[in-house]
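Inspection log for the structure reproduced underneath, given as structure tokens.
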Amino acid sequence: YVPLRVPSDYLEQFIREAPQLGIRGLSVTIPHKENVMAMLTKTAVGARKIGAVNTVVFDGKSVNGYNTDLKGAMLSLAKATNEDPATKWLDGKRVLILGAGGVARAIAMGVVDRGAELQITSRTYEKAMGLASELKCESIEWEERHQASPDVLINCTPAGMHPEVNETPFEESGMNRRMIVFDTIYNPEQTLLLKTAREHGCKTVSGVEMFVKQAELQFKFFTGEEAPTAVVRDTLRKTIGAAKHRPNK
């Protein structure tokens, strides 16, 4: 699994020539998730709906695109709440999503499809309004987020991500013990948001679980086999905690 830095101007050439290097699959990250779609032979329905691809598979002359973020997030959330991910298990639940970027868009579609009453907020209110309008749900001002009283709070902003680990996108004043708090950040695994939520008796879901779930799905696309979940989780934790796990010299 090799990281490859591809400038935007060379993306089309890279996708065209990647199979010649023996590459059979790619994990696609920012800023290429949207632009790569124009270079695919086939795009899965879910990825088309989200408008972004994070997985590319080369199959003969076909270049196929998928998005595992949505399913990874929904499986993680369902597991934490002991719900059946195949049902509309969010039916009637009030969900507040913080952020209106790519991950927020994918997760928002997932919760709406599962019956949630969704509110979206963002520091840039126009973005929240645009996404809410598209999904036919409600947008609220960023300053109003602590009065929302959601059943499920999902952070899709970078607030609290390393190295700004003392930041949080949601203060304890807006929390109650009935809430489920899901932070899509995986570095650090235990963000200030999740620590505060646990102190208030909330159920929590970390970004590590979402990352592992979406990686399992990618592994299956790449190899046709089930992923070694424990290895994936352990490797991720060692990577994001490199200083802690660094061997003595």
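For Cα extents along the principal axes in Å, which listed value, [x] 60, 54, 38; [y] 55, 53, 35; [z] 54, 41, 34, comes from the coordinates shown? Computed from these coordinates, Cα extents along the principal axes in Å corresponds to label [y]. Measuring nothing but protein heavy atoms, the accessible surface of region 1-82 at 1.4 Å probe radius is 53 percent carbon and sulfur.
The charge dipole of region 150-249, taken about its Cα centre with unit charges on the Cβ of Lys, Arg, Asp and Glu (plus for the first two, minus for the last two), comes to roughly 400 debye. Report summary: the helix-based calculation at 222 nm, which adds -39500 (n - 2.57) for every DSSP H run with n ≥ 4 and divides by the residues of the chain, gives -10500 deg cm²/dmol.
Peptides 121-133, 83-95: what's the order by average Cβ count within 10 Å, highest mean first? Display every interim value, and only then the final one.
Working: 121-133: 18.0, 83-95: 14.8.
Answer by packing, highest mean first, reads 121-133, 83-95.
Near ALA128: Cβ cut-off under 15 Å, other residues only, Lys/Arg at +1 and Asp/Glu at -1. The net charge is -1. Averaging Cα coordinates gives a centre for region 133-198 and one for region 205-226; these two points are 23 Å apart. About its Cα centre, the dipole of region 1-113 is roughly 100 debye, where the only charges are +1 on Lys and Arg Cβ and -1 on Asp and Glu Cβ. A simple count of charges around LEU11, restricted to other residues whose Cβ falls under 12 Å of its Cβ and scoring Lys, Arg +1 and Asp, Glu -1, yields -1. Per residue, the chain exposes 55 Å² of solvent-accessible protein surface, assessed with a 1.4 angstrom probe and all protein chains in place.
Sorted on the mean count of surrounding Cβ atoms within 10 Å across their residues, most packed first, peptides 199-205, 108-114 read 108-114, 199-205.
Counting protein heavy atoms only, region 128-249 has 50 percent of its accessible area on carbon and sulfur, 1.4 angstrom probe.
When a/c reaches 1.5 or more, the comparison of a/b and b/c decides; with that in mind, is region 105-249 rounded, prolate or oblate per its Cα gyration tensor? Present the calculation step by step, with values, prior to reporting the outcome.
On the way: a/c = 2.11, a/b = 1.40, b/c = 1.51.
It comes out oblate by the Cα gyration axes.
Quick check on the chain: of the DSSP beta bridges with both residues there, what percent are antiparallel, nearest 5%? Beta bridges within the chain, antiparallel portion: roughly 30 percent. About its Cα centre, the dipole of the chain is roughly 680 debye, where the only charges are +1 on Lys and Arg Cβ and -1 on Asp and Glu Cβ.
Beyond 31 Å between alpha-carbons counts as too far, so tell me which of LYS42/LYS93; LYS61/LYS127; LYS42/LYS213; LYS195/LYS220; LYS88/LYS220 fall in that bin. Distance filter (> 31 Å) returns LYS42/LYS93; LYS61/LYS127; LYS195/LYS220.
Taking amide H as placed 1.01 Å from N in the peptide plane, the amide H of LYS93 sits under 5 Å from that of GLU117, each at least 5 places away or on another chain.
Between the Cα long axis of helix 229-240 and the first principal axis of the chain there is an angle of about 80°, rounded to the nearest 10.
The values are calculated or read from the model by the stated rules, or taken from the named source; none is laboratory data. Keep in mind that what you see is a predicted model, and the values were worked out from it rather than measured. Ideal geometry is used to build each Cβ from the backbone, glycine not excepted, and the neighbour counts take in all protein chains shown. Ligands, DNA and RNA are stripped out before the accessible areas are found, and what is left, the full protein with its side chains, is counted by its heavy atoms. Shrake-Rupley method; radii C 1.70, N 1.55, O 1.52, S 1.80 Å.
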